[in-house]
Structures are given as structure tokens and as C-alpha cells.
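Written below as C-alpha cells is the structure these notes are about.
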Amino acid sequence: MIRLTGHGVFLHEAHSSPEEGRRQTMAYRILQRHNHSGDPAMLKLRFDALVSPDNNYVNILQTVRAVGIERFPVPYVLSNCHHALCAVGGTINEDDHVYGLDCAGKYGGIFLPPHRGVLHQYMREAHAGCGKMILGSDSHTRYGALGTMGIGEGGGEIAKQLLGKTYDIPYPQVIAVRLTGAPRPGVGPMDVALALIAATFKNGFNKNKVLEFVGDGLANLSMEYRMGIDVMTTESAALSSIWQTDEKTLAYLASHGRQAAYAPLSPGEGAYYDGLIEINLSKVPCMIALPFHPSNAMPIEAFLADRETHIARIEAEGRSIKGADFSLRSHLKADGLVVDQALIGGCAGGLTENLAAVADILKGYCIPGNGLQLGVNPASMPVMQDLVRQGIASELMLAGVTLRPAICGPCFGVTDVPANGQLSIRHVTRNYANREGSNPGQGQMAAVCLMDARSIAATVRNGGRLTPATALNTQYREITPAFEQRIYEGQVFDRFGKTDESLEPRMGPNIADWPAMYPPSDHLLLHIAGSYADSVTTDELIPSGEASSFRSNPERISGYTLIHRDPMYLARAKAVRSQSQRLRANQHTGDAQLDAVIAALAARLHCRRDNITLGSAICADQIGDGSSREQAASCQKVLGGFANIARAYATRRYRANCINWGILPLRTAQTPCIPVGSLVLIRNIREALRSDARCVQLEILDAQGNTIRQMPAFFDHLTHEEAEILLAGCFINDYRNRLVFHPGLRFHGARGV
């Protein structure tokens, strides 16, 4: 089904060198077209468009307003698809929408009102084009199927683009994904995506690399099928993706009134890749991703054949997350496994062809009131209108399917929360424990499996018993999705290129400015406020659900940091922050033993007390798997954090978030087993950052401040700009410093700073 080649390969027989061959990839051409460094190996990228959802655009807008932005230099879409229901926190989320609308009017933005579309579907329908690059503050920013390289990053990188700065990375490795064959009836895009993720995530095969989709099998996939695979490449840890274009790409863009956005893209002769993934589409089965990660994927039939073993494994993992009893045993039946909830929606599942296939499978069936209920969130209002126009919406409703707004609710974990102990099947992007409604700290624990819409419909039709769609003899219709562009023309507030200096954005009471964030002094004293032997995800650092309503208020959202993973972390971090504030004011910290340690260190280092910065830190085997949410790093900084210590950082975007918020991303050769409460000294940290040092020594101290052991820690590659941000304490400070040292410097759109 899938074969991996972990060394460099020519796609076809060639007579060129690998260096020449790398320049023949689609990715190379697009990246260099957007590169402003003059150095092909070190990229400084500017993007054609930007997009942010409402769960983080307020933070971004507050950041750029804090340093005096005057207008948006490129199309910047403010989408309202994560907090659209305003169901949590009273009117707090609607206050964010008001603020976003006003900022779009003031600075020349594009405001997509609630319920009109999921951000990624809107970008596909209105902004993606061949050879373009789009940066989004959502990790599933993927438009490769339309010839656009999409990258999902934290809000700091969006802010940099808005301020005329660049996205800086070493040239990434490019992996070819060669598709052959054609999917069997009943096998959908999520099945192919889960097979790809299962083969590549845990071994790091795709980590921070670009996937380039080619091959004869591509012609056998519709555009929506390609999009459904493409958006899930994020879950394989890839940086971006790009697909070969063809007449189907042209037809899609033309049907959306954007024929001029088409250009033929394909690898050049002698294209050379850093690795190869071969997928025989004809052999991909119906898949299921078991809790609590999309990479826990296997064929549905393989799961059913050994379901008791797999359920026992899920229960064990659930107990380790919940810290208490967790059982799914009641779902096991003699003839299979029964589930409690079914959902299809968003940028991955809520597409016309998926929902037409659901209607075909459910034809002649009606979901009973006490049966497995199926809810659907179409990806956009144009998709909903197309479903109505073609009669598919009526078929779904007659079958008992409920149609919901075009929002990210089920995927984001803020709607359709399963009951305690329930098992949900979903065609959405993720199934993390803390994302899909579970609240282990309060005894609430559910489990979510990812499946394709077709197998979800087959399971619904089979009375809730897990069923692969290939087990049914369904006749699938041939359909052509249509797009009604009048919906966006009349309903999207597009002010790009127009500004209104007189407009002052309205700020609801929950919207707060960033607090003061301080740089490190000469020496850094870290208090380990959290220590974890395994991986810490962004959903654990800052959960979705009820916490997301407070993302516009840095102090309030910081109160949710690690709340489910480690409820005592918050109190420890706040205590260190208070001690640090007193130390900064040249007062006693309130802890006599800590004061004695600081005095001893000052004497040993021949410095004053104020030459030592006290801050909190967390250490773990790996940190940062999951979302691009910048709050996973900014909340640590708000709480007085200055460093993370890890064997690995799961994604480039999380490491970048740390840097942008002044968190040192220290890496160790082995898992840094440093107990909670330990004090760790890093000498001459500012000197190390200025000198481009690659390594510092972590000195673990005893109660008297004596070094009991040392551990080398690495920065990996830091650009000059990243080092300056860390020296300044955060991106906002760094940008303000530049304005202070160059007072005539102001931001004027694309000319930068």
C-alpha cells in the first residue's frame, strides 16, 4: 500500500546531479520565487496572502497595533469559524468579531463573517492559485492541491508578515509522493490520508519537510478528493505540500471565477528528491485512527479482527491521561463494536462529494431517534448552497442527518462534546484527548476515532456497528460540485487596499493588551515548574474548549496553561513570576532560601543580583505536537517562563512560537529528567546568544546553589533575527527596540521596516 524510501532519489531516470535535480522540483521554484534573501539555502519568504481564524486573530492584531501598523500590505483574511457560535463565555467571542471587523475596515483587511465558511475552504475558493504561497495562523493551512504552498504557523509569523518582515527558514527537504492506481469505491480521501500519516508520523519521515504529490494516480482523483488528502498532511508533521496541476485544477479554478489563477505545475526533467513515498491507491483500505492521535491508524477490518486488544490499549492510554478509571469495554459486542456519535465536517470532511457519498450510502434508510445520530458541518455556505441546489441536502435530512453551520466546532472541540465514556467517530482533522470534549481533570473522558465520511455513513446505516464502507454494495453517483460566487461577492467585507485612519476598533472588556515582557539579563536562573517524561502537546499546553474564549486576554488564557496535564503547574509558575518581579525590583523574593541561593550565585558570578533573571521552565521528552496556536508559548511567557528544555520540538512552528515570545527553545541529547522544583543556572546567556553559540551548559543546583551536575543544551540553528528576538525578550520588544534606535523608521506597507 505505502512504501518509503529514505534516501535521495531521481523521480525518473536522469543525467543531472542531485544539486541540479533539486532545482527542478515544483517546491524549489515556488520557494525561490518568494525568497528575498538572495541565498537559495537560507530562505526569507514573503507570502501572497495571510489568513487567521477568530480564535487567534485578536492576539495578532493587538501585536501589530502595539508597534504602530498603518495598513495590511497583502490580503489578510480574518475568518470567523472557530468561535462563531459564541456559546462559551457569554458575548466574549462576538466582541472579538466586532474588533476584527473594525480592524479590517481600518487597515484594509478581508472579514469573512460567521457561518460563511471554514477558513481553509474559503481560501481554497477565493485565494489559492498556482504558484502562490499562503501563510495562516492555523496548522491546517494547506492548499497544495490547488498549486499553492500553504504553511501554518503561530500568530507571531503572521505579525511579522504584516510588518514587512520575512519568514526565515533553511531550505527544507522535499519528499516526492508518487500516487498510482485508483481508490476502490467506498475508500475516501481520509482513508488515504490516515494511511499516509500512519506510515510517516511516528518515524519522523515527513517532519518539517515539503511533500510534492505526483504520479499517474493523481489523474484518478477529483479536486475535492485531493484537498481531503492534502489538508491532513499537517498531521504527518510536514511543513507544506504542493501537487502537480492538470485540467481538473484548471476546471476548479475556472468554476470559481479565477481561471487566471491557473498555471501548469509539474516537476522538471531530472527532478531529485530527498525521499520518496509511494502510495498505491488501489490497495488503500477503509481506515480508522484510534484515540488519541491521527497516527494511531489502521485498517478498520484489522481493528475489528483484534478489537479487544486494541480497546484494552486505548483504555490504558486513556487511564494514563485521565489519571483514573476509563473504560470502553461496553462498546464491544459479539458481532463488532458499537459507537455513540458520528460527525462529518470542516475543511477535511464537509465537502460536496463526501456528503453526496453519505447520501448515497444512507439512501432508503432513516436514522431512528434512539440510533447513532449523524451531524454534518459543510465547509462553506457555497458548499451548503450546492448541496441544496443538487437536492443532496434534502436527501440527507430525510435520512435523519442534521445540517449545521459552516464552522470548525467539532474539529476544534467546542461543539458536539461526547458524553463521559462515549466513543465518537468523526471525519475531522484531529482526535486528541483534550480537543474533542474530554476534561480529564474534572473526570470527563471520551474518545474519538477518525474515519472517512463513507465509512461513518456505513456505520450509521449498520445501526452504529463499526463498518467499512467497502462492506456495502453502494452505487455512488457522479456529481460535479458547483460554486455560487455571488455568496462571497455580496457577503464578505473586502477592504484590501483601502484604509480608514479615523476608525478606532471597538474593544470588548475581554480584549486586553499584552503585559510587559522582560528580556533575560546576563545570567538565567530557571525554576523547573513542570517536568514530563513523555510528549507534551499544544492541546495540553493550552486546551481548546472553554479556554479558547479567553485567547484575547493574555492573563486570563494563561490561567489554563497545562491545566489538564498538570493542575499544579499554574500555581508553581505564578509563584516564580511573583518572586521574579520582586527580584527585578531589587526586593527580597519572599523565599529566604531562594534569596540565599541568589546571593551565593551573585558572589560566585561576580555580579549584582539584578544581573540574574529568575524565570520558570518546563522540560519534557518532546514539546509542541499539534496546533499552531501561539498561546502555547505566549502563556508560558505571560506566566514568567523563559525556557523550554526538551529532547525534541515536535514542529518548526511551535519552536518558532517559543522564539517569538522570548522562550529559549533548548534541546538536549537525551530526555532532560530534571525534577519539578529544581533550579537550573545558565551562565552568560546574553553572551551566548550574541556570539551565535550552539551550546550552553545547564547547571543543576542543590538547595545551597552549588552545581551538582551539568547537562549540555543546544539551540540548534538560530538566525541573527531570532537571537535578537530572544535578547529583547519577545518579538514585540524587538520591533519596538528597532523603532527606538531608528526613530524615523515607520511601517509603510510592502516596503517593510
Query raised in the report: In segment 126-173, which residues are more than 14 Å from the chain's Cα centre (by Cα) and small (Gly, Ala, Ser)?
Result: Ala126, Ala128, Gly129, Gly131, Gly144, Ala145, Gly147, Ala159, Gly164
Query - segment 688-734 - residue that is of a type in the set (S, T, N, Q) and under 30 Å from the mean Cα position of the chain (by Cα) and, of those, farthest from Ser634 (Cα to Cα) - result: Thr719
Query raised in the report: Could you list, in sequence order, the residues of segment 39-55 that are at pLDDT 95 or above, not in a strand (DSSP E or B) and not hydrophobic (A, V, I, L, M, F, W, C)?
Result: Asp39, Pro40, Arg46, Asp48
Requested in this report: Assess whether Tyr365 counts as being in the same structural domain as Arg461 (by TED's automatic domain parsing), under 24 Å from the mean Cα position of the chain (by Cα) and not in a strand (DSSP E or B).
Outcome: no
Query raised in the report: Given the conditions (1) surrounded by 17 or more Cβ atoms within 10 Å (Cβ to Cβ); (2) of a type outside the set (Gly, Ala, Ser); (3) more than 26 Å from the chain's Cα centre (by Cα); (4) at pLDDT 95 or above, which single one is not true for Arg454?
Result: (3)
Query raised in the report: Residues Gly371, Gly400: which one is outside any helix (DSSP H, G or I), modelled with pLDDT of 95 or more and either surrounded by fewer than 24 Cβ atoms within 10 Å (Cβ to Cβ) or not acidic (Asp, Glu) (or both)?
Result: Gly400
Query raised in the report: Among the residues of segment 409-433, which ones are aliphatic (A, V, I, L, M), surrounded by 24 or more Cβ atoms within 10 Å (Cβ to Cβ) and at pLDDT below 90?
Result: Val414, Ala433
Query raised in the report: From His742, His717, His748, which residue is in contact with a Pro (Cβ under 7 Å, 6 or more places away or on another chain), modelled with pLDDT under 95 and surrounded by fewer than 16 Cβ atoms within 10 Å (Cβ to Cβ)?
Result: His717
Requested in this report: Given the conditions (1) surrounded by 18 or more Cβ atoms within 10 Å (Cβ to Cβ); (2) in contact (Cβ under 8 Å) with a residue 24 or more places away in the chain, report the number of the one that Gln485 does not fulfil.
Outcome: (1)
Report summary line: Considering only strands (runs of 3 or more DSSP E) wholly within segment 268-328, the ones with at least 1 residues that are more than 23 Å from the chain's Cα centre (by Cα) and not assigned by TED's automatic domain parsing to the domain that holds Pro18 are 297-299
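Residues are listed down the side, and each one gets a yes or a no for (1) surrounded by fewer than 20 Cβ atoms within 10 Å (Cβ to Cβ); (2) at positive phi; (3) out of contact with any strand residue (DSSP E or B) (no Cβ under 6 Å at 6 or more places or on another chain); (4) in contact (Cβ under 8 Å) with a residue 60 or more places away in the chain:
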site: Pro53; (1), (2), (3), (4): no, no, no, yes
site: Gly68; (1), (2), (3), (4): yes, yes, yes, yes
site: Phe72; (1), (2), (3), (4): no, no, yes, yes
site: Asp96; (1), (2), (3), (4): no, no, yes, yes
site: Tyr99; (1), (2), (3), (4): no, no, yes, yes
site: Tyr107; (1), (2), (3), (4): no, no, yes, yes
site: Phe111; (1), (2), (3), (4): no, no, no, yes
site: Met133; (1), (2), (3), (4): no, no, no, yes
Query raised in the report: Take the residues of segment 236-254 that are in a helix (DSSP H, G or I) and of a type in the set (S, T, N, Q): which is farthest from Gly217 (Cα to Cα)?
Result: Ser236
Query raised in the report: Condition test on Arg389, is it among the charged types (D, E, K, R), free of Cβ contacts under 8 Å to residues at least 40 places away in the same chain and out of contact with any Cys (no Cβ under 7 Å at 6 or more places or on another chain)?
Result: no
Query raised in the report: In this structure, does Ile563 turn out to be at pLDDT 95 or above and in the same structural domain as Thr707 (by TED's automatic domain parsing)?
Result: no
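The values are calculated or read from the model by the stated rules, or taken from the named source; none is laboratory data. Every value quoted in this text rests on a predicted model; they were computed, and no experiment measured them. Cβ sites come from the backbone with ideal geometry, for glycine too, and all protein chains shown count toward neighbours.
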